[in-house]
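Below: the structure, in structure tokens.
The values are calculated or read from the model by the stated rules, or taken from the named source; none is laboratory data. None of the values given here were measured: they were computed from a predicted structure. Here the Cβ positions follow ideal geometry from the backbone for every residue, glycine too, while neighbour counts run over all protein chains shown.
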Amino acid sequence: MTTTLYRAGCIVAFQDGEHRILRDGCVVVEDDHISYVGRAYDGSVDRSVDVPDRIVTPGFINTHSHLDESPIDKSVQEDVGNRQFWLTGLIEILPTEMAGLDEESARACVDYSLIELARTGTTTVVQMGGLEDYVADAVEASGLRGYVAPMYRSGRWFTPDGKRVDYAWDEDDGRKGFDKAVRFVERMRDRGDGRVQGFLAPAQVDTCSEALLRDSRAASDDLDVPISLHASQGVWEFHEMTRRHGRTPVEWLSDLGFLGPRTLLGHAIFVSGNSWVNFAGDDLGLLAASGTSVSYNAWCFIRRGLVMESFPEYVEAGVNMCLGTDTAPQSMIESLRWTAIAGKVAARRTDVSTARQVFDAATINAAAVLGRPDLGRITAGAKADLLFWRADGFTMAPVRDPIRNIVYYAQPSDLDLVLVDGRTVVEDGEVVGADPAAAVRGVQRAGERVWSQWPNGDWAGRTLDQVAPQTYDGYVE
């Protein structure tokens with residue numbers, strides 16, 4: 001066991017159930033955990049590190065990611081949207097991307113994503129998707145903390161004509177995928193000294209049957225792991241669920257007993273009362289009363305002109321709000337910022353969707369749904385997942401309120417040191433053991449393969465340039 005004393009100019013410590021600012025204090029890290037936080041420490045240590053110009057915060061918990069695909073969203077998902085599907089890219093663009101994404105490309109996306117997460121402050125990531133064994137290996141090797149799950153479902157959506165959304169249902173109701181997911185959770189027990197764990201991730205509320213969701217909820221309880229589900233993520237999905245059941249997605253999940261303290265809903269934007277659906281009800285009340293958490297991924301939607309209405313209302317209703325990245329960029333710095341700004345715009349107020357609320361969402365709120373009181377905070381007994389920010393950096397200075405500066409102004413270049421389980425993951429702004437240049441080459445090749453195969457996956461056989469035209473025409477000699 002190694003004991004390290006960090007003396008810092010500013011520490012975002014945890015005291016009496018909330019984050020508090022400790023000026024000119026110290027943090028003692030013993031092996032993988034924090035053993036002391038306070039003004040001064042007179043115990044014996046193996047080494048002392050003085051960082052008077054650093055702000056020390058808990059690491060961010062990214063509660064919604066798709067590491068095996070997100071990088072290839074770049075220059076494909078922006079500036080385009082079919083009005084028939086209320087501007088979402090989930091119906092036409094995402095399935096076509098996935099059709100062209102081979103295993104080599106998906107692995108390249110994972111390798112790139114883990115570097116991006118580390119250099120932008122994610123210390124714990126919740127990953128849903130494919131290649132789960134490769135992802136688990138890669139997360140363990142990266143030094144990050146990860147919750148990994150293969151997604152499964154009863155069927156899939158598609159459009160046959162660009163005008164309507166249809167569903168193709170599997171004969172086994174997704175049971176093969178469900179059984180595989182349960183076995184995966186069991187195999188992940190104590191992986192990487194406990195840094196890598198499994199959880200359950202039925203894919204989407206509209207692609208999973210009642211039986212599959214009920215059994216998934218029961219398995220989550222039996223295995224004592226969180227469960228995540230995409231829900232209320234699109235206007236078309238909201239209308240589909242009300243057509244099927246006469247209930248909003250949240251109401252239907254409540255009827256099934258799916259909601260609860262270990263349930264994490266991805267997005268939950270189009271709920272009762274939202275102006276896009278104009279449907280009466282009290283979805284926020286159901287979420288709050290059940291203790292269900294919501295992972296908001298602001299950038300994914302605001303780039304399409306869609307916004308949660310509104311983040312402050314969810315907070316005021318008592319919903320446990322968390323943050324994720326979902327798409328590119330996979331930066332929790334950006335997620336904090338866009339959540340704060342989008343919430344203010346939607347509410348038309350500057351005094352809501354505050355730096356405190358979004359910082360809590362990225363730390364202690366996320367730790368709650370994972371059942372991890374040892375994450376998302378700097379206190380004795382917590383895991384030593386720490387971020388060291390440059391208070392003297394060009395984009396950060398001058399610093400009066402460190403949380404506001406991080407939320408509204410910080411850049412990846414301001415993040416100097418990242419520890420996970422007390423081990424260095426980022427040092428001097430560089431991801432330890434990573435080859436960013438190789439990762440960039442890998443995702444570039446992956447993107448080019450996906451783009452070239454676009455007509456094979458598109459419902460009308462269109463090229464990507466027809467679906468998402470280039471910003472400018474090519475230069476003509």
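When you check D73 against the structure, is it at pLDDT 95 or above, on the phi > 0 side of the Ramachandran plot, in contact with a helix residue (DSSP H, G or I) (Cβ under 8 Å, 6 or more places away or on another chain) and surrounded by fewer than 24 Cβ atoms within 10 Å (Cβ to Cβ), yes or no? When the stated conditions are applied, D73 does not pass them. Taking segment 242-268 as the range and being surrounded by 22 or more Cβ atoms within 10 Å (Cβ to Cβ) and assigned to a helix (DSSP H, G or I) as the test, the residues that pass are P249, V250, L253. Of the helices (runs of 4 or more DSSP H) lying entirely inside segment 270-342, those containing at least 2 residues that are over 17 Å from the mean Cα position of the chain (by Cα) and modelled with pLDDT of 95 or more span 283-290, 311-317.
Residues in segment 436-477 that are exposed (fewer than 12 other Cβ atoms within 10 Å of the Cβ) and aromatic (F, W, Y): Y472, Y475.
The set of residues in segment 379-400 that are out of contact with any Asp or Glu (no Cβ under 8 Å at 6 or more places or on another chain) and either surrounded by 20 or more Cβ atoms within 10 Å (Cβ to Cβ) or of a type in the set (A, V, I, L, M) (or both) comprises A380, L386, L387, A397, V399.
For segment 388-405, the count of residues that are in the same structural domain as P52 (by TED's automatic domain parsing), closer than 13 Å to F60 by Cβ and of a type outside the set (S, T, Y) is at least one. Is there a residue being touching a strand residue (DSSP E or B) at 6+ places or on another chain (Cβ under 6 Å), of a type outside the set (V, I, T) and outside any strand (DSSP E or B) anywhere in segment 15-31? The answer is no; no qualifying residue exists. In summary, A366 fulfils each of the numbered conditions (1) small (G, A, S); (2) in a helix (DSSP H, G or I); (3) over 19 Å from the mean Cα position of the chain (by Cα) with the single exception of condition (3). Of the residues making up segment 289-302, those that are surrounded by 24 or more Cβ atoms within 10 Å (Cβ to Cβ) and either closer than 13 Å to P226 by Cα or in contact with a His (Cβ under 9 Å, 6 or more places away or on another chain) (or both) are T292, S293, V294, S295, Y296, N297, C300.
Within segment 118-138, not a single residue is aliphatic (A, V, I, L, M), out of contact with any Lys or Arg (no Cβ under 9 Å at 6 or more places or on another chain) and surrounded by fewer than 23 Cβ atoms within 10 Å (Cβ to Cβ). Tell me, which residue of segment 226-240 that is surrounded by fewer than 21 Cβ atoms within 10 Å (Cβ to Cβ) and touching a Phe, Trp or Tyr at 6+ places or on another chain (Cβ under 7 Å) is nearest to P95 (Cα to Cα)? Ranking the candidates gives W236 first. Residue pairs whose Cβ atoms lie under 7 Å apart, sitting 6 or more positions apart in sequence or on different chains, and linking a residue in segment 387-411 that is at pLDDT 95 or above to a partner that is basic (K, R) and in a loop (DSSP other than H, G, I, E, B), do not occur here. W459 falls short on exactly one of the conditions (1) touching a residue at least 60 places away in the same chain (Cβ under 8 Å); (2) in a helix (DSSP H, G or I), and that condition is (2). Criterion applied to G324, G343, G376 was being within 21 Å of E309 (Cα to Cα), in contact with a Pro (Cβ under 6 Å, 6 or more places away or on another chain) and surrounded by 24 or more Cβ atoms within 10 Å (Cβ to Cβ), and the one residue passing it is G343. The single condition among (1) surrounded by 22 or more Cβ atoms within 10 Å (Cβ to Cβ); (2) out of contact with any helix residue (DSSP H, G or I) (no Cβ under 8 Å at 6 or more places or on another chain); (3) not aromatic (F, W, Y) that E103 does not satisfy is (1).
Every condition in (1) surrounded by fewer than 24 Cβ atoms within 10 Å (Cβ to Cβ); (2) in contact (Cβ under 8 Å) with a residue 40 or more places away in the chain; (3) outside the structural domain of S113 (by TED's automatic domain parsing) holds for D79 except the one numbered (3). From the list G146, G174, the lone residue that is on the phi > 0 side of the Ramachandran plot and either modelled with pLDDT of 95 or more or not assigned by TED's automatic domain parsing to the domain that holds A201 (or both) is G174. Output yes when any residue across segment 34-56 is in a loop (DSSP other than H, G, I, E, B), at pLDDT 95 or above and closer than 30 Å to V440 by Cα, and no when none is. No, segment 34-56 contains no residue that is in a loop (DSSP other than H, G, I, E, B), at pLDDT 95 or above and closer than 30 Å to V440 by Cα. When S154 is tested against (1) closer than 19 Å to N62 by Cβ; (2) touching an Asp or Glu at 6+ places or on another chain (Cβ under 9 Å), just one condition goes unmet, and that condition is (1).
R195 falls short on exactly one of the conditions (1) surrounded by fewer than 14 Cβ atoms within 10 Å (Cβ to Cβ); (2) basic (K, R); (3) under 21 Å from the mean Cα position of the chain (by Cα), and that condition is (1). Restricting attention to segment 278-288, and to residues there that are in contact (Cβ under 8 Å) with a residue 12 or more places away in the chain, surrounded by fewer than 20 Cβ atoms within 10 Å (Cβ to Cβ) and of a type in the set (A, V, I, L, M, F, W, C), which single residue is farthest from P312 (Cα to Cα)? My answer is F279.
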